[in-house]
Amino acid sequence: MDLDRPPDIVVVAGGEPVAPGLVAVVPASARVVAADAGVDLARGLGWEVDVAVGDFDSVSAAGRSALAAEVSDVRVHPMAKDATDLELALEVAAELAPANPAPGRRVLVLGLEGGRPDHALANLLLAAAEPFADLDIELVLAQGRAWVVRDRLAGQLPAGGIVSIVPVHGAATVSVSGVRWPLDRAPLAAGTTRGVSNEATGSPFDLRVHAGAVLCITPRTEETP
């Protein structure tokens, strides 16, 4: 997975606003899936929503009107359900994505924190869950970016920038170069902080996951939207 390849599908949850510069990296061809109040966030960014999903208990009155007038595919779920609206939206993204290994499976997720630590933690783990293993998922966080990596993530990171590699859903084995403390087939036990707070050198960044899955997280800088 390339660090900066544009997304094919954008999943918009109803959380925190995002930097306006993000709009520039989303191509007009990208499909937009909005989860509940994500309808408001997507419309505020000037995006046309292809699919809206959720119980719609937190969408604004204007957003409700837009659902009827502007969105052809609206999937309403009851408030009493066993999945968050974001999980439902990721299921739609998996449905829209072509069969693996065809291109078109890059998914950008934003608005996932919503100012609540339980939402933030649950949604980060959700993005790395096995049902979505065939998607290439990038997450826009309030204070940074994250990628779910099961095989490889490569590209350019600004010199001096912090990069953390955190195993999820169990242990992982990783190799990483282009950082101050490179790793070579290093085991990362579940819950370890060994991969936290590494530092990009400015050389090409290359993370390879030999076993398991990790979240690669970078704090926001002036160079990132």
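Spin-label point model (7 Å from Cα, Cβ direction): what's the ALA171 to ARG64 distance in nm?
Output for this residue pair reads 5.3 nm.
Over all alpha-carbon pairs in the chain, figure out the percentage whose distance exceeds 20 Å.
On the way: 14558 of 25200 pairs.
Result for the distance tail: 58 percent.
For the chain, modelled as a Gaussian network with Cα springs under 10 Å, which listed residue fluctuates most, PRO78, PRO182, PRO167?
Result for the chain, Cα springs under 10 Å: PRO78 fluctuates most.
Lys and Arg at +1, Asp and Glu at -1: add these up for the other residues within a Cβ distance under 12 Å of ARG5 and post the number. All intermediate terms of the calculation are to be shown ahead of the outcome.
Details: positive: ARG105, ARG106; negative: ASP2, ASP4, ASP8, ASP136, GLU138.
Its environment carries a net charge of -3.
Taking springs between alpha-carbon atoms closer than 10 angstrom, which of ALA97, ALA83, ALA127 fluctuates most in the Gaussian network model of the chain?
Maximum fluctuation in the GNM of the chain, among the listed residues, is at ALA83.
Quickly estimate the mean residue ellipticity at 222 nm for the chain, helices only: each DSSP H run with n ≥ 4 gives -39500 (n - 2.57), and the total goes over all residues, rounded to 500. Don't skip to the end; give the middle numbers.
Working: 4 runs with 40 residues, N = 225.
Helices in the chain give a 222 nm mean residue ellipticity of -5000 deg cm²/dmol.
What number comes out for the charge environment of GLY212, summing +1 per Lys or Arg and -1 per Asp or Glu over other residues with Cβ under 14 Å away? Numbers along the way, then the final one.
Working: positive: ARG150, ARG152, ARG185, ARG194, ARG208; negative: GLU130, ASP151.
In short, +3.
Mind ranking 6-17, 63-74 by how tightly packed they are, going by the mean number of other C-beta atoms within 10 angstrom, highest first? It would help to have the intermediate numbers written out before the result.
Numbers: 6-17: 23.1, 63-74: 14.1.
Top to bottom by mean Cβ count within 10 Å: 6-17, 63-74.
I'd like the orientation of helix 61-70 relative to the chain: the angle between its Cα long axis and the longest Cα principal axis, in ° from 0 to 90, rounded to 10.
In the chain, helix 61-70 runs at an angle near 80 degrees to the longest axis.
Please report how far the C-alpha centroid of region 28-86 lies from that of region 131-173, rounded to the nearest whole angstrom.
Between the Cα centres of region 28-86 and region 131-173 lies a distance of 26 Å.
Where does the charge balance sit around ASP134 when Lys and Arg score +1, Asp and Glu -1, over other residues with C-beta under 14 Å from its C-beta?
Details: positive: ARG105, ARG106, ARG150; negative: ASP8, GLU91, GLU95, GLU130, ASP136, ASP151.
Once all neighbours under 14 Å are counted, the net charge is -3.
Give me the dipole magnitude in Debye, nearest 20, for the chain about the Cα centre, with unit charges on the beta carbon: positive for Lys and Arg, negative for Asp and Glu. Show your work: numbers first, answer last.
On the way: 17 positive and 29 negative charges, 126 e Å.
Using Cβ point charges on Lys, Arg, Asp and Glu, the chain gives about 600 debye.
Name the long-range amide H neighbours of ARG220: under 5 Å, sequence gap of 5 or more, or other chain; modelled H, no Pro or chain starts.
Here GLY144, ARG145 satisfy the definition.
Can you bin region 112-225 into rounded, prolate or oblate? Criterion: square roots of the alpha carbon gyration tensor eigenvalues sorted a ≥ b ≥ c, rounded for a/c under 1.5, prolate for a/b above b/c, oblate for the rest.
Because a/c hits 1.5 or more and a/b fails to exceed b/c, region 112-225 counts as oblate.
Every read-out reported here was derived from the displayed coordinates using simple, explicitly stated rules and does not represent laboratory data. This one's a predicted model, so the numbers in the text were calculated from it and none came from an experiment. Note that each Cβ is placed from the backbone with ideal geometry, even for glycine, and that neighbours are counted across all protein chains shown.
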